[in-house]
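Please treat every number below as a calculation from the coordinates, not as lab data. Please read these numbers as outputs of a predicted model, since none were measured by experiment. Here the Cβ positions follow ideal geometry from the backbone for every residue, glycine too, while neighbour counts run over all protein chains shown.
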Amino acid sequence: MAATIMNMEYVKVDILTSGQLEVDDLIQVGDEVVSIVEIVSLADGYTLEIINDFGERDVIEVGEYQQFDLMMLQ
């Protein structure tokens, strides 16, 4: 049987506020889709530790009602 590489792409499935996000969610930040590694609650929002497809980690601070596109691989 021959090996086949499937063409996978991200599709937007919902819009969530920061308070609705969970660890392992795939969200769009800027022009990049990242996975959430850790969520820490702050007095006026959250810090999100995120990781991209290349394994690069970053920590961003977001407001409580900031919205993100929830993505899924199709």
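Phi angles across segment 24-38 convert, under the Karplus curve 6.51 cos²θ - 1.76 cosθ + 1.60 with θ = phi - 60°, into 3J(HN,Hα) values of 6, 5, 9, 10, 9, 10, x, 9, 10, 8, 10, 9, 7, 9, 8 Hz, Gly and Pro given as x. Each residue, Gln28 and Glu56, gets one label point 7 Å from its Cα in the Cβ direction; the gap between the two is 1.9 nm. Derived value for segment 27-73: Kirkwood hydrodynamic radius 11.1 Å. Basis is the mean of 1/r over every pair of different alpha-carbon atoms. Normalised by the number of residues in segment 27-73, the mean separation of alpha-carbon contacts (under 8 Å, six or more apart) gives a relative contact order of 35 percent.
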